[in-house]
1. Treating the angle as unsigned and between 0 and 90°, give the value, to the nearest 10°, between the Cα long axis of helix B:25-35 and the longest Cα principal axis of chain B.
2. Cross-link candidates for A:K46: which lysines have Cα within less than 26 Å, leaving aside residues fewer than 8 places away along the same chain?
3. List the GluC sites (Glu not before Pro) within region B:56-163 that DSSP assigns to loop and that have no more than 13 neighbouring Cβ atoms inside 10 Å.
4. For region A:76-170, with only Lys/Arg (+1) and Asp/Glu (-1) charged at the beta-carbon, what is the dipole magnitude about the Cα centre, in debye rounded to 20?
5. Chain A: longest stretch without exposed GluC sites (Glu not before Pro) (DSSP loop, at most 12 other Cβ within 10 Å), sites themselves excluded?
6. Share of Cα-Cα pairs in the protein assembly as shown beyond 42 Å, in percent?
7. Could you tell me the relative contact order of region B:57-183? Use alpha-carbon pairs under 8 Å, at least six residues apart, and round to a whole percent.
8. Hey, what D do you get for chain B in µm²/s if you plug the Kirkwood alpha-carbon radius into Stokes-Einstein at 10 °C and 1.306 mPa s?
Amino acid sequence: MLTPVLSAHWDEADSFSIDGYTRHRGYEALTKALATDPDALISLVKDSGLRGRGGAGFPTGMKWGFIPQGPEGQGAKPHYLVVNADESEPGTCKDVPFMLANPHALVEGVIIASYAIRANHAFIYIRGEVTHVVRRVQEAVQQAYAAGHLGKDIHGSGFDLELVVHAGAGAYICGEETALLDSLEGYRGQPRLRPPFPATHGLYACPTVVNNVESIASVPSIVLGGAEWFSSMGTEKSKGYTLYSLSGHVKKPGQYEAPLGITLRQLLDLAGGMREGRTLKFWTPGGSSTPLLTADHLDVPLDYEGVGEAGSMLGTKALQCFDDTTCVVRAVLRWTEFYAHESCGKCTPCREGTYWMVQILERMEGGTATEADIEILLDTCDNIFGRSFCALGDGATSPIVSGIKLFRDEFIQHINGGCPFDPVASTVFGGVKA
Amino acid sequence: MADQSTSLGMPATTVVPDGVAPLTDETRREAREIIARYPRSRSALLPMLHLVQSVQGYVSPAGIALCAEELELTKAEVGAVATFYTMYRRRPAGTYHVGVCTNTLCAVLGGDALFATAKEHLGIGNNETTADGTVSLEHIECNAACDYAPVVMVNWEFYDNQDPASLRSLLDGCQAGNPPAPTRGPSRLVSFKEMSRVLAGFNDGLGQEGVPAGPPSLVGLDIAKQRGDVAPSYPAASTSTEA
């Protein structure tokens, strides 16, 4: 049921070192890739069915194929690979432990992907708030240079690659790929209007692939195992293995690497279920920007299609599970405060809408709202959704719209009598007074 | 000692407050080292601002001026970037900068109680620093460690699975200058300024210290091993390297 590939050796004391990685066939895929035609590598990744693990699920090989090649026009400009390691979506906690435990799989994936798209300069943009992860990736890159995997004429192939580890400075919006590019260029991280897309006009207006950490780190295994091996796992349109991150009121929160399409029921069975004496109230399939689901959705296949049909999105597979001690109004208010704080301010509906929704939800939690406020919230969401440059605004509406749809009675209860929940009961340290 | 170079009634821009180290020729040399890493100079701005914080503990007006000069930007252009990102501080951080996650999942699991504990124990509020300059405090957004909730960061190192008692002892350690080691990090907690150098791209060699993964990161792997679950092995034909 579980298929550890990326996480298979995290329990070894030196899993993050180049010795630990090469002991398990690390950098063998690089040797194989450098002896392969770059276009054949792009076809291989297309055939594997690998889809972007950063949330959107766009086919990775297709993204690589969009990069213009040849001596004319955009193709003649330098090409860049940028790894999005700005993991910040609430609930999402897979790339950070991955980079801590196995950074060389990412570095090897970067070299292979850069060779495939013909980039001689690559960047790993890591959120700044995880110092030890930055260290581990910096040192993995240093070790890879020392081993001749990076630099000029890599292993006599004639291929050159410089890899820079770049730390961000605290801005959720920089996980959005065009905001990330602006940030990497030294500007405020604000999304760009598309088209043109990064594939033709990305970093420094040059052809650029932006891929999530887990997507790139999956590439060496595809090169070694082949497209059929990778696509033997998963479902019809969602191929391969992936990291599911279970958190919240579950007995064993953590990382579970499984084929796409496993269900939350199966994962909860493995994790020992919800904590003692409590039941699942609501959960996010892929971070706070994906609409909430409930115990009615335990058997939804956790792949791109299955979660989509259930009215939500697979997102980053960040399964935040909340039990019946949790106040949904409090949860939704806190997420909305997050979006208001992180809105970059470029688009009016998102900037102003999130600000006002916080005010309304505060009234609701404080017991001074009216039933009309529910409709005002939904109307505001309607005016944000689809009306901003990027998906942050859309994401901000997800917890509110889904929360009201699933728990309208609880919102009304707050309006009529304030919050009925004891916040102490939902903590992991229970009755311990702060 | 007002800066005489400004004449528009604007606040002086290069005065160094008491107790803040000045930027030196060495800072400027390192800034140029950062610039050399990038195809275009302006890409160096974020790491350069981390470098300024590694010397001064915050992004000072002098630091903004240095970045502007080296990148041939205006101070307004640099200031506009510095104020966009929450990790750049406008006042000096404490030697130990404490962040308590109060995003939804951590908040519900105890982060709100922890933040209240920290404020009460230190006697300071959000975005404030203790009078002796040792500890600054803020509540933070999701730090990608939800399976370790509730989470506290000090100098952006992980202190996982906290409770009020463990947090109080962590804060006492910070105030006494001997904080416990991070749960997933090096064997010694480095200062805010030392940490900022790492973010500027000057590795401190501590990456090989500490655990590869904490217990929740290994939960799935452990269960897979108990059950005998493995990924399919690579097919024989494609395992031999062709090169």
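The values are calculated or read from the model by the stated rules, or taken from the named source; none is laboratory data. Model, not experiment: these values are computed from the prediction. Cβ placement follows ideal geometry from the backbone for every residue including glycine, while neighbour counts extend to all protein chains displayed. Note: accessible area is taken over every heavy atom of the protein model, side chains too, but ligands, DNA and RNA are not part of it. Shrake-Rupley method; radii C 1.70, N 1.55, O 1.52, S 1.80 Å.
1. Between the helix axis and the principal axis of chain B, the angle is about 50 degrees.
2. A:K32, A:K63, A:K77, A:K94, A:K237, A:K239, A:K317
3. When the GluC sites (Glu not before Pro) of region B:56-163 are filtered for loop state and at most 13 Cβ neighbours within 10 Å, B:E72 remain.
4. On the way: 7 positive and 10 negative charges, 25 e Å.
Rounded to the nearest 20 debye, it is 120 debye.
5. Longest site-free region, per DSSP loop and neighbour criteria: A:73-235.
6. Working: 50628 of 228826 pairs.
Value for the protein assembly as shown: 22 percent of Cα pairs lie more than 42 Å apart.
7. After rounding, I find 24 percent.
8. This corresponds to a translational diffusion coefficient of 78 µm²/s.
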